[in-house]
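**Student:** Before I ask anything, here is the structure I am working with.
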Amino acid sequence: MASVTFNDYMPYIWNTLVQAIGNEKGVAGLMGNLYAESGCTPYACQPDRSYSTCMTYIGKVDRHEITEDGFVYHGCSSTGGVAGPKGGFGLAQWTWPSRKKQLYDWWLSEGGSIGDLGMQLRYLIWELQNDYPDVWNVLVNAQSVKEASDYVLHNFEKPEDQSSTVEDTREGYSNDIYNQYAGTTPVEPVNPQPPSPGPPNPEPQDPLKALSKKTMPIWMYPLLRH
């Protein structure tokens, strides 16, 4: 079974999610899925683009050379431009337009870069709490890593292939992460570097919930607990 190659981003991801979720088994189950989707990197573009291509794409989004519609409804081309319909982006490989639109709006509200890890984590936490409260509840209360990993696979990430083989792979990643970090507060590198080689191939996602209008400014929700 494939194992996790740990990178410099993962201590920050672990520490942030443990602070928000408060359950290490739940955090490991979520992170195992994030690893399967993006290698636990904030820049990953679907299909599996090189780091330099992804950074070219992110720079164009940041400078609004790629428009909102270009980001929301399309993916990243082999040259770092706009590709065909749909395409996953970022830590959770957000793909469906309604979800990418919310990520885009969150980024606009914060400023900085669309590829910023902290921004993506704050949006991920908010999205789980507000759009996927059932998933959030499982993460907070999970009694096993497998319970959390399987639930995130089938109810949050929802790739095309959700077979028992995929369950086992993601559980394996989740257990690796749990065994590495549980009971610790891992030291976060001062200047995190992108992993080499690149992340696993991001997996395609199915349409999920439609975008709903929020009544409070999104910047008020970074680390709310239910």
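The values are calculated or read from the model by the stated rules, or taken from the named source; none is laboratory data. Values in this document were obtained by computation on a predicted structure and should not be read as measured data. Backbone-built Cβ (ideal geometry, glycine too); neighbour counts: all protein chains shown. SASA here: full protein model, heavy atoms, side chains in, ligands and nucleic acids out. Shrake-Rupley method; radii C 1.70, N 1.55, O 1.52, S 1.80 Å.
**Student:** For region 110-147, give me each residue that is among the small types (Gly, Ala, Ser) and either surrounded by 21 or more Cβ atoms within 10 Å (Cβ to Cβ) or over 13 Å from the mean Cα position of the chain (by Cα) (or both).
**Tutor:** GLY111, GLY112, SER113, GLY115, ALA142, SER144
**Student:** Working carefully through the options GLY70, GLY80, GLY84, GLY75, find the one that is buried (at least 16 other Cβ atoms within 10 Å of the Cβ), more than 19 Å from the chain's Cα centre (by Cα) and not in a helix (DSSP H, G or I).
**Tutor:** GLY80
**Student:** Please find, among SER98, SER38, the residue that is closer than 20 Å to TYR151 by Cβ, in contact with a Leu (Cβ under 8 Å, 6 or more places away or on another chain) and small (Gly, Ala, Ser).
**Tutor:** From the options SER98, SER38, the qualifying one is SER38.
**Student:** Give me the pairs: first residue in region 173-192 and under 20 Å from ALA36 (Cβ atoms), second residue open to solvent by 70 Å² or more (accessible area, probe 1.4 Å) and not hydrophobic (A, V, I, L, M, F, W, C), beta-carbon distance under 6 Å, and six or more apart or on different chains, which are they?
**Tutor:** Taking only residues 6 or more apart or on different chains, the pairs are ASP176/SER3.
**Student:** Then there's this: Among the residues in region 20-38, are any at pLDDT 95 or above, of a type in the set (Lys, Arg) and either farther than 15 Å from MET119 by Cα or open to solvent by less than 50 Å² (accessible area, probe 1.4 Å) (or both)?
**Tutor:** yes
**Student:** What is the residue count in region 44-59 for residues that are surrounded by fewer than 19 Cβ atoms within 10 Å (Cβ to Cβ) and farther than 17 Å from GLY111 by Cβ?
**Tutor:** Residues that pass the stated criteria total 8.
**Student:** For region 155-177, which residues satisfy the criterion of being open to solvent by less than 60 Å² (accessible area, probe 1.4 Å), over 20 Å from ASN7 (Cα atoms) and in a helix (DSSP H, G or I)?
**Tutor:** Listed by number, the residues that qualify are ASN155, PHE156, GLU157, VAL166, GLU167.
**Student:** What number of residues within region 92-109 are surrounded by fewer than 19 Cβ atoms within 10 Å (Cβ to Cβ), closer than 22 Å to VAL152 by Cα and polar (S, T, N, Q)?
**Tutor:** 1
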